[in-house]
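Peer 1: This is the structure I have questions about; it appears just below.
Rule-based calculations on the coordinates, nothing more; no lab input. Small disclaimer: the values here were computed from a predicted structure and weren't measured. Methodologically, a virtual Cβ is constructed for each residue, glycine included, from the backbone with ideal geometry; neighbour enumeration extends over all protein chains shown.
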Amino acid sequence: MADAAGRKAAAAMSVRDLPDRGRVLCHGFIESVTYVPANQVASFIAILIDHDTPAPVTRFPALGGKGGAGAAAASSLPANGVSTHRVRPGSQRQRPAGPKERLRVVWLGRRRIPGVDAGTELRLEGMVTMRDGLPTIFNPRYEILSRQEEQ
């Protein structure tokens, strides 16, 4: 299969195998996303983990008593104004141990990317660099990979 530029499609790399710098194609699951408040520069940040780890569990039990209407309680922002949605602790997998097992993905100028939430499977292509000890890709090309509908 060739892309629009006529190049052969490369195989996706594991997050663990990413170089410190260079163009990469990788594949993984979103572990967490960070939303910034309206008074800060627009950016959308996601943390990606390897695709060979099982998909994280993203369902949360209702926090309220009657009718399960406790979801509104989880919508308040912390004191610093940054909201981070993480995968529920105690899911099927162990949390990755080191920074090389995670990839930070940053979309500058965007406050939200429709379809990109914790647990979503993505294929990314872009330039990777080390930033604050974590491999980071800014404004990558991305593909949301289909997932099974839950019944």
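Peer 1: Calculate, for Met127 and Asn39, the FRET efficiency according to 1/(1 + (r/R0)^6) with r their C-beta to C-beta distance and R0 35 Å; round to the nearest 0.05.
Peer 2: 0.75
Peer 1: Right, another one. Tell me, in nm to one decimal, what length is gained between Ala10 and Glu143 on full extension, where the rule is 0.36 nm per residue of separation less the Cα-Cα distance?
Peer 2: 46.4 nm
Peer 1: For segment 47-52, what does the Karplus curve 6.51 cos²θ - 1.76 cosθ + 1.60, with θ = phi - 60°, yield as ³J(HN,Hα) per residue in whole Hz, taken in order and with x for Gly and Pro?
Peer 2: 10, 10, 10, 4, 6, 7
Peer 1: Right, here's the next one. Order these by the 10 Å Cβ neighbour count, fewest first: Val105, Val33, Val116.
Peer 2: Val116, Val33, Val105
Peer 1: Which residues' amide hydrogens lie under 5 Å from the amide hydrogen of Val36, considering only partners 5 or more residues apart or on another chain, with H built in the peptide plane?
Peer 2: Hits under the 5 Å cutoff: Ser43.
Peer 1: OK, next. How many nm is it between the label spots at Val106 and Arg21, if each spot is 7 Å from the Cα in line with the beta carbon?
Peer 2: Once both label points are built, they end up 1.7 nm from each other.
Peer 1: Just rank Arg112, Arg104, Arg16, fewest to most, by other beta-carbon atoms within 10 angstrom.
Peer 2: In increasing order of surrounding Cβ atoms, one gets Arg112, Arg16, Arg104.
Peer 1: Mind listing the phi-derived Karplus ³J(HN,Hα) values for segment 131-136, rounded to whole Hz, using 6.51, -1.76 and 1.60 with θ = phi - 60°, and x for any glycine or proline?
Peer 2: Working through the residues one at a time gives 9, 6, x, 10, x, 9 Hz.
Peer 1: Further, regarding this structure: Sorting Ile30, Ile49 on the 10 Å Cβ count, fewest up front, what's the list?
Peer 2: Neighbour counts put them in this order, fewest first: Ile49, Ile30.
Peer 1: If you plug each phi of segment 35-46 into the Karplus form 6.51 cos²θ - 1.76 cosθ + 1.60 with θ = phi - 60°, what whole-Hz ³J(HN,Hα) values come out, in order, with x for Gly and Pro?
Peer 2: Coupling constants for segment 35-46: 9, 9, x, 5, 7, 10, 4, 5, 7, 10, 10, 10 Hz.
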